[in-house]
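The next block holds one structure in the form of structure tokens; read it before the comments.
The values are calculated or read from the model by the stated rules, or taken from the named source; none is laboratory data. No experiment lies behind these values; they were computed from the predicted model shown. Every residue, glycine among them, receives a Cβ derived from its backbone with ideal geometry; neighbour counts consider all protein chains shown.
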Amino acid sequence: MRWSFTVLRVAGIEVKLHVTFLLLLVWIGMMHYTRGGPGAALFGLLFILLLFGSVLLHEFGHALAARRYGIETPDITLLPIGGVARLKRMPDDPGQELVVALAGPAVNVGIALVLFLAIGTMAGPEQMARPGRGVAALLAQLLTVNVALVLFNLLPAFPMDGGRVLRAFLAMRMSYVRATTIASRVGQGMAFLFGFVGLFFNPLLVFIALFVYLGATQEAAATQMRDVSESLPLAAAMVTEFRSLPPEATLGDAADLLLRTHQHDFPVVDAAGAVRGVLTRDGLIAALRLQGSDTAVGSAMRTNIPLVSWRVPFAEAFRLMQDCRCPALPVTDDHGRLVGLLTPENVGEMMMIHGALRPEETPGWRPGRGAGAAGHPTSAGRHDAERARDDAGG
């Protein structure tokens, strides 16, 4: 997540803070300081840090439960509205997803029980009810917050824990895609409810409503993508009409292609059809500003973009593109020659077309123009590269 930085690493999981979290701390400290001075500010900051400690443990509950099923969690990010554990994938089995979803609230239940026992040994009910800033009062507030976290997270507002629990139960009785669609719609409905209540009582609910609505929409789209991609060949999703650049082309040549075509990113291909790298639009603009138009494209291209064989399933290629955050993923034939490109734009268009078709109209996706009748790639991609080389003056 952008604007985040790592503060520690626990059990192989990076714990990150978003910069807005630091702004929250500043705001909390200033608000309490103006009301009660340095002591109040210290108490407010201590409480908010302990509160987010509970949130962090909640997210570790999800992460460690997922690890039990072989699912890694690269990082956990703390935001002003809560925490986000970035699991590499969600469990395919509904029973496993149920365990992972409930693991977080279960941690808060455990924290609440420990706090209840600790408070009972420190103060009686009369002292707990009195306002103050003692240790017992602090623990009592944390107890209340952890109970609230359990109740709030178990609301059936996908993608919160309660929404995932709902999907898990639904997926035991219907398809995973249908279960996700229903859970997402319930989550969107809850988001509208949060937003409506927030307009009149608590503006923070408006931000939570936006987070829930976007999360529900994105989860539904991602699930549909996974459902389609599992049986989709890579040849059906890759772009086969594209322009490439030779290594000796200049940034001026690349700029000319950028202006004359709708393409944003250009593979750099040698005379044998082997991919040397990818020149991205951002890289081109930055290099033009610093180095000038006569510089060779090789000095500005990205060389850390992986190549993917046309035989790789689309789902695997798409995951690879997401992991490397590549603007375009070059697709090669069995001899390492470029035959296509996988781009986020083309994938999005393919998904829109697939979503617009009724199930009975969905075709068995045919190979693109860069593949032969049997699904084997032809030399069309190389011909495109040669034509682009001629246009670029190579």
Which residue, of Gly283, Gly277, Gly252, Gly273, is in contact (Cβ under 8 Å) with a residue 40 or more places away in the chain and crowded, with 20+ Cβ neighbours inside 10 Å? Gly273
From the list Ala103, Ala148, which one is surrounded by 19 or more Cβ atoms within 10 Å (Cβ to Cβ), aliphatic (A, V, I, L, M), at pLDDT 90 or above and assigned to a helix (DSSP H, G or I)? Ala103
Report yes if Ala236 is modelled with pLDDT under 85 and more than 30 Å from Pro267 (Cα to Cα), otherwise no. no
In this structure, is Glu59 in contact (Cβ under 8 Å) with a residue 24 or more places away in the chain, part of a helix (DSSP H, G or I), crowded, with 16+ Cβ neighbours inside 10 Å and in contact with a strand residue (DSSP E or B) (Cβ under 7 Å, 6 or more places away or on another chain)? yes
In segment 184-214, the residues that are farther than 16 Å from Phe152 by Cα and crowded, with 17+ Cβ neighbours inside 10 Å: Ser184
Collect the residues in segment 151-200 that are touching a Gly at 6+ places or on another chain (Cβ under 9 Å) and part of a loop (DSSP other than H, G, I, E, B), keeping them in residue-number order. Leu154, Leu155, Pro156, Ala157, Phe158, Pro159, Met160, Met172
Would you mind telling me which numbered condition in (1) exposed (fewer than 14 other Cβ atoms within 10 Å of the Cβ); (2) over 16 Å from Arg311 (Cβ atoms); (3) modelled with pLDDT of 80 or more; (4) not aromatic (Phe, Trp, Tyr) His335 fails? (2)
Val297 meets each of (1) under 30 Å from Ala220 (Cβ atoms); (2) touching a Phe, Trp or Tyr at 6+ places or on another chain (Cβ under 9 Å); (3) modelled with pLDDT of 85 or more; (4) of a type outside the set (Ser, Thr, Tyr) with one exception, condition (1)
Condition (residue is among the hydrophobic types (A, V, I, L, M, F, W, C), over 16 Å from Phe242 (Cβ atoms) and under 31 Å from the mean Cα position of the chain (by Cα)) applied to segment 265-282: is it met by at least one residue? no
Residues that are modelled with pLDDT under 85, acidic (Asp, Glu), within 24 Å of His262 (Cβ to Cβ) and surrounded by fewer than 15 Cβ atoms within 10 Å (Cβ to Cβ): does segment 370-386 have at least one? no
In this structure, does Pro267 turn out to be part of a loop (DSSP other than H, G, I, E, B) and either buried (at least 17 other Cβ atoms within 10 Å of the Cβ) or at pLDDT 85 or above (or both)? no
Quick count over segment 299-327, residues being touching a Gly at 6+ places or on another chain (Cβ under 7 Å) and surrounded by fewer than 19 Cβ atoms within 10 Å (Cβ to Cβ), is 2
Residue hits (segment 73-91; part of a loop (DSSP other than H, G, I, E, B) and hydrophobic (A, V, I, L, M, F, W, C)) are Ile81, Leu87, Met90
